[in-house]
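> The structure's right below; bear with me while I get my questions together.
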Amino acid sequence: MKLKSKSAFIPYLLWIALFVIAPIGLILYYSMLDLNGEFTLVNYKNFFTSAYLTMTLTSFWYALIITFFTLLISYPTAYLLTKTKHKHLWLMLIIIPSWINLLLKTYAFIGIFGLYGPINAVMEILGFDPTQILFTDFSFVFVAVYIFIPFMIIPIFNALDKMNPSLIYASRDLGASPLTTFRRVIFPLTIEGVKSGIQVTFIPALSLFMITRLIAGNKVITLGTAIEQQFLVAQNWGMGSTIAVFLILIMFVIMVFTRKKKKGGRA
């Protein structure tokens, strides 16, 4: 039995070795090569220059803004879904748009935010002059939040749905206000769902590049955009791999801080 249980792990170990460890190893290898293919650590030295550090802070800032607004919209939405009669049906209707190809949704927003799009058409009807909404920070954050909302709602909805409602009733019977009940009972009991939502939002938001290209018009430079430019434009695979290495390290640190904890506070 023990031999069978051990052999069952072989496919998973092979998968991890081929599609996790090997790609990371290749990234580490290329990060230590210069344009001539010679071994060097100059790429790591260049990463700590002001240009790349500023770009990293910018990526963190935009990822933080995107995560904040996504959480601000998703939490009350998930809470209201748990109170509806056909909650799983409404949840499915929210999830369905995430099945659509990201590129198609991005091009749809280009038409919506364009000078001749429906938003500017409504503004003209109201007597306002057309405004260039596309290629702005607002359009970039708006589209990113729209894309990540379903991924934030799902873990929060699951946490809220599993919560024992008698705890809320007990809190109200003891005289707690709705705000106090949320702050002391509901939110602490659903914090793991919030952490999972932050993981699936903040980490991908750090490496966005398609939206920055098409919606922000390259006015927003993130770590993902820099990696794309180094690989496809500058053909500097070494520097692109170096940025990817630090991006992986940042993602790992975020996962450690937002990891699920067992009862008693022990991980």
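> Filter the stretch 177-198 down to the residues that are among the small types (Gly, Ala, Ser) and within 14 Å of Ala159 (Cα to Cα) and list them by number. Outline the logic, then answer.
Looking only at the stretch 177-198, we keep the residues that are among the small types (Gly, Ala, Ser), and these are 177, 193, 196-197.
Selection gives Gly193, Ser196, Gly197.
> Kindly provide the set of residues from the stretch 200-215 that are over 12 Å from Tyr62 (Cα atoms) and part of a loop (DSSP other than H, G, I, E, B), ordered by number.
Phe209, Ile215, listed by residue number.
> Sticking with this structure for a sec: For the list (1) open to solvent by less than 70 Å² (accessible area, probe 1.4 Å); (2) more than 15 Å from the chain's Cα centre (by Cα), I need the number of the one condition that Ala63 fails.
(2)
> Of the residues Ile227, Ile191, Ile198, which is open to solvent by 20 Å² or more (accessible area, probe 1.4 Å) and within 13 Å of the chain's Cα centre (by Cα)? Quick ask: steps written out before the conclusion?
Working: Ile227 fails: within 13 Å of the chain's Cα centre (by Cα); Ile191 fails: within 13 Å of the chain's Cα centre (by Cα).
Criteria check complete, one pass: Ile198.
> Under 7 Å by Cβ, and 6 or more places apart or on different chains, what pairs join a residue from the stretch 159-183 that is within 15 Å of Thr82 (Cβ to Cβ) with one that is outside any helix (DSSP H, G or I) and modelled with pLDDT of 90 or more?
Ala159/Thr190; Leu160/Thr190; Met163/Thr190
> Out of (1) surrounded by 16 or more Cβ atoms within 10 Å (Cβ to Cβ); (2) under 19 Å from the mean Cα position of the chain (by Cα), the odd one out for Thr136 is which?
Result: Thr136 fails condition (2) only.
> Would you check which residues across the stretch 43-95 are within 28 Å of Ile168 (Cα to Cα) and of a type in the set (Lys, Arg) and list them?
Within the stretch 43-95, Lys83, Lys85, Lys87 qualify.
> Of Thr77, Thr82, Thr56, Thr70, which residue is touching a Leu at 6+ places or on another chain (Cβ under 6 Å), part of a helix (DSSP H, G or I), at pLDDT 90 or above and surrounded by 15 or more Cβ atoms within 10 Å (Cβ to Cβ)? Spell out how you get there, then give the answer.
Values: Thr77 fails: touching a Leu at 6+ places or on another chain (Cβ under 6 Å); Thr56 fails: touching a Leu at 6+ places or on another chain (Cβ under 6 Å); Thr70 fails: touching a Leu at 6+ places or on another chain (Cβ under 6 Å).
One residue alone meets the criteria, Thr82.
> Only one of (1) outside any loop (DSSP other than H, G, I, E, B); (2) over 19 Å from Arg259 (Cβ atoms); (3) β-branched (Val, Ile, Thr) is not met by Val220, so which one is it?
With (1) outside any loop (DSSP other than H, G, I, E, B); (2) over 19 Å from Arg259 (Cβ atoms); (3) β-branched (Val, Ile, Thr) applied to Val220, the lone miss is (1).
> Does the stretch 118-133 contain any residue that is open to solvent by 40 Å² or more (accessible area, probe 1.4 Å), at negative phi and under 21 Å from the mean Cα position of the chain (by Cα)?
Looking only at the stretch 118-133, we keep the residues that are open to solvent by 40 Å² or more (accessible area, probe 1.4 Å), and these are 118-119, 121-132.
Filter once more, keeping what is at negative phi: 118-119, 121-126, 128-132.
With under 21 Å from the mean Cα position of the chain (by Cα) added as a condition, the list becomes none.
So far as the stretch 118-133 goes, no, none of its residues is open to solvent by 40 Å² or more (accessible area, probe 1.4 Å), at negative phi and under 21 Å from the mean Cα position of the chain (by Cα).
The values are calculated or read from the model by the stated rules, or taken from the named source; none is laboratory data. Note that this is a predicted model, so its numbers are computed, not measured. Here Cβ is always computed from backbone atoms with ideal geometry, including for glycine, and neighbour counts include all displayed protein chains. Accessible surface areas use protein heavy atoms only, side chains included; no ligands, DNA or RNA. Shrake-Rupley method; radii C 1.70, N 1.55, O 1.52, S 1.80 Å.
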